[in-house]
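Have a look at the structure below before the remarks.
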Amino acid sequence: MNKTTIGRKIDLEALRHSASHIMAQAVASLFPGAKLGIGPAIPDGFYYDFDLPQPLAPEDLATIEAKMGEAVREDLPFVRQDISRESARSLLSGQPYKLELMDGIPENETISTYTQGDFTDLCQGPHVTSTGEIGAFKLLSIAGAYWRGDERRPMLQRIYGTAFSTQEGLTAHLARLEEAARRDHRVLGKSLDIFSIHEEAGPGLVFWHPKGALIRLLIEDFWRQEHLKKGYQFIYSPHIARVDLWKTSGHWEWYKESMYSPMEIDEQLYIVKPMNCPGHILVYKSRKRSYRELPLRWAELGTVYRYERSGVLHGLTRVRGFTQDDAHIFCRPDQLQDEIIGVIRLVQYMMGTFHFDEYEVRLSTRPDKYAGSLEIWDEATGALEGALEGTAVPYQIDPGEGVFYGPKIDIKLKDALGRTWQGPTIQVDFNLPIRFDMGYVGEDGLEHRPVMVHRAVLGSMERFMGCLLEHYGGAFPVWLSPVQAVIIPIADRHLDYARQLESRLLEAGLRAEVDSRSERMNAKVRDAQLQKVPYMLIVGDQEAEAGQVAVRLRSGQNLGPRPLDDFLGLALEEIREKR
């Protein structure tokens with residue numbers, strides 16, 4: 001077996017959660033009247049939300065850090081106490097956010113507090129034994145955060161920090177953060193003229209600029225070519241549909257809060273689509289199907305719209321309108337495992353092409369609230385498990401994280417900095433075929449029920465592009481670079497030769513342009529490097545006389561003069577092999 005069960009990283013989680021309590025203690029001491037929100041451990045760190053009598057400034061972080069250091073040096077024990085609801089209400093008097101959290105605790109659950117020194121907080125833990133166990137910590141930033149993520153609630157001040165058991169771990173993490181800031185897709189998207197988001201249009205809605213649109217087109221064309229090779233067909237479905245369609249699918253019941261309000265058209269209620277699957281089912285049901293047709297593999301780059309709170313929107317990676325590289329496979333039960341294996345193989349090839357060599361695979365099982373019978377859930381989960389075993393893909397069991405209609409495989413990509421991004425997903429669904437009364441005529445002449453596989457090999461184009469920008473640091477491989485070569489004439493007298501080269505490169509299929517500005521050559525080279533252009537072709541008297549180009553790479557490496565045909569061979573090979 002090549003599976004494990006996901007467990008909590010108790011030690012580091014406890015360390016960071018304890019650090020958040022120490023930070024809250026420091027803030028409460030420094031800012032009398034502070035009202036406390038929540039302070040969880042998060043991947044790579046922790047935060048705590050505060051309602052304070054004054055706005056925090058970046059220089060306050062050093063003061064808070066120093067106060068935290070005092071508590072660490074005192075080596076105060078963390079003491080847990082289970083208390084009654086009445087005692088908790090008295091203890092939390094004057095802390096409205098804590099009282100609200102306490103009121104949300106079910107009557108049959110224990111209410112507990114943790115105390116270090118003179119500071120007590122409502123908390124279930126876990127914590128380290130004492131404040132002295134906090135090895136190395138750093139407060140990182142201040143941000144605004146709506147209470148419980150609801151823009152209708154008060155805006156609190158959130159302090160982010162991180163903690164490690166050793167100074168070496170903290171130092172390495174801070175270096176990674178600096179590199180991550182340089183790779184931030186929101187910053188690169190602006191500096192490289194890739195995309196923008198406008199308040200006039202609304203948050204979470206992406207506008208692709210020409211360079212970004214070209215990169216996306218190249219990815220989509222590659223996606224289409226590979227799907228055609230694997231026997232997929234393409235369909236298109238409308239952007240709106242009657243509410244009744246989503247009631248039949250169950251999405252209205254299970255995901256209504258993520259769907260936009262209905263609009264009335266001809267006295268009928270319609271909504272913009274939050275997913276593509278019901279539309280694909282309607283195409284399937286447009287005529288009677290035979291077992292001989294199956295499997296049917298239908299793909300659509302379908303744009304969908306889902307409501308996200310404004311407080312969680314984030315560049316390209318959390319948006320309200322996005323395009324899924326969606327596909328649905330309709331197959332017989334005896335074909336199911338082979339179809340899942342085929343999707344896994346396609347995912348592996350696609351991810352390898354984009355240089356994602358590491359990823360985490362998770363098998364998400366039945367949630368507490370689900371549709372359908374246990375029997376079909378077991379069959380669906382078994383098919384996913386069998387496919388993972390059959391492809392020798394290491395995976396973890398993620399208990400209870402399946403969707404309401406079926407279990408799924410989620411693949412989290414690891415980028416160049418080792419961070420994980422939600423990417424491909426494969427979901428097995430016996431429920432929607434039942435809800436929509438789907439069928440096919442079997443070899444025995446009787447009606448049978450197909451199985452449906454929902455899958456995406458990239459995820460959404462928006463999130464994938466954000467991931468790629470950060471993975472490559474904006475330096476896309478040559479085949480994806482919107483401008484592949486910039487020709488830089490040293491002086492105006494070299495412009496005619498530069499234009500001739502541009503024509504040759506364009507005819508050969510390269511995306512090339514001449515930098516004809518009156519800037520100095522070094523400035524042009526620097527600007528091309530900032531724009532992450534793979535090749536800079538410098539041309540002066542010597543190159544014009546010899547019919548050559550002096551090739552420089554965006555890394556700064558100088559390949560020197562060479563005949564144009566030699567450069568073309570080099571560049572076209574890079575493009576062909578997608579290196």
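Things to note:
- A simple charge model with +1 on the Cβ of Lys and Arg, -1 on the Cβ of Asp and Glu and nothing else charged puts the dipole of region 478-577 at about 380 debye relative to its Cα centre.
- Average silhouette area of region 478-577, convex hull of alpha-carbon atoms, in square nanometres: 5.6
- Taking the Cα centre of region 3-183 as origin and assigning +1 to Lys and Arg Cβ atoms and -1 to Asp and Glu Cβ atoms, the resulting dipole is close to 440 debye.
- For region 195-319, the relative contact order is 32 percent, taking Cα pairs closer than 8 Å that sit 6 or more residues apart in sequence and dividing their mean separation by the residue count.
- Lysines with Cα under 17 Å of Lys190, excluding same-chain neighbours fewer than 8 positions away: Lys211, Lys532
- Summing Cβ point charges (Lys, Arg +1; Asp, Glu -1) relative to the Cα centre of region 310-422 gives a dipole of roughly 520 debye.
- Think of region 3-183 as a dipole: +1 on every Lys or Arg Cβ, -1 on every Asp or Glu Cβ, centred on the Cα centre; then among Ala180, Gly45, Ala28, Ala180 lies furthest on the positive end.
- A simple packing score, the average count of other Cβ atoms within 10 Å per residue, orders the peptides 319-327, 28-36 as 319-327, 28-36, with the highest score first.
- Counting only Cα atoms, the size of region 274-414 along its three principal axes is 47, 37, 37 Å, in decreasing order.
- Dipole orientation for the chain: of the candidates Leu122, Ile409, Met68, Ile409 has the Cα lying most toward the positive pole (charges on Cβ; Lys, Arg +1; Asp, Glu -1).
- The eigenvalues of the Cα gyration tensor, multiplied by 5 and square-rooted, give region 212-251 an equivalent ellipsoid with semi-axes of 30, 15, 8 Å from largest to smallest.
- Separation of alpha-carbon centers, region 514-579 and region 98-129, rounded to whole Å: 63
- Peptide ranges 429-442, 401-414, 504-517 listed from the most packed, as the mean C-beta count within 10 angstrom indicates: 401-414, 429-442, 504-517
- Ratio of the Cα radius of gyration of region 365-495 to 2.2 N^0.38 Å, where N counts its residues: 1.61
- For region 3-183, radius of gyration divided by Kirkwood radius, i.e. Rg to Rh on alpha-carbons: 0.96
- Three-way shape label, region 503-547, alpha-carbon gyration tensor, a/c 1.5: oblate
- A simple packing score, the average count of other Cβ atoms within 10 Å per residue, orders the peptides 524-533, 366-375, 96-105 as 524-533, 96-105, 366-375, with the highest score first.
- Taking the chain and dividing mean pair separation by its residue count, relative contact order in percent (alpha carbons under 8 Å, at least six apart): 11
- Ellipsoid equivalent to the chain - semi-axes via the Cα gyration tensor, in Å: 45, 39, 22
- Reducing region 187-254 and region 448-488 to their Cα centroids gives an inter-centroid distance of 12 Å.
Read-outs throughout are calculated quantities, based only on the coordinates presented, and are distinct from any laboratory measurement. Since we're looking at a predicted model, the values are computed, not measured. Cβ atoms come from the backbone with ideal geometry, glycine included; neighbour counts cover every protein chain shown.
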